[in-house]
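The values are calculated or read from the model by the stated rules, or taken from the named source; none is laboratory data. Since the structure is predicted, the reported quantities are computational estimates derived from the model, not experimental observations. Counting neighbours? That spans all protein chains shown, and the Cβs are built from the backbone with ideal geometry, glycine included. The area values use the complete protein model at the heavy-atom level, side chains included, leaving out ligands, DNA and RNA. Shrake-Rupley method; radii C 1.70, N 1.55, O 1.52, S 1.80 Å.
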Amino acid sequence: MEETNHARGSESLVRAIRGPIVLITIGTLFAIDHMGGYAFSRTWPVLLIIIGLLKLIERAAAPPVQHIPGPPMQQ
C-alpha cells in the first residue's frame, strides 16, 4: 500500500513540474535564439524531446495497472 502511495506521489510530482519544465525549456530556446546561437526554428525539436522524457518518467512513476478479470464468457 505504501509503495502505491509513493508511486502516485511521484506521478503527481512529475505532472506538477511538467508545465514549468516546458516553459523553462521554451524560454531557454528563445534566449539562445535571441543571443544569436541557434534560431528557434532549428531548436524546437528539443521541446518534443523534453515532453517525451517527462511522459516516460511519468509512466515509470505510475503504479502498475492491475488486470481485473471480467466475468467468464458464455458460449
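Looking at F30 and the list (1) open to solvent by 100 Å² or more (accessible area, probe 1.4 Å); (2) part of a helix (DSSP H, G or I); (3) under 24 Å from G9 (Cβ atoms), which single condition is not satisfied?
It fails just one condition, (3).
How many residues are part of a helix (DSSP H, G or I) and either open to solvent by 60 Å² or more (accessible area, probe 1.4 Å) or out of contact with any Ser or Thr (no Cβ under 7 Å at 6 or more places or on another chain) (or both) if we restrict to segment 47-75? I'd like the intermediate steps shown before the answer.
Keep residues of segment 47-75 that are part of a helix (DSSP H, G or I), which gives 47-61.
Those left that are additionally either open to solvent by 60 Å² or more (accessible area, probe 1.4 Å) or out of contact with any Ser or Thr (no Cβ under 7 Å at 6 or more places or on another chain) (or both): 48-49, 51-60.
Number satisfying all stated conditions: 12.
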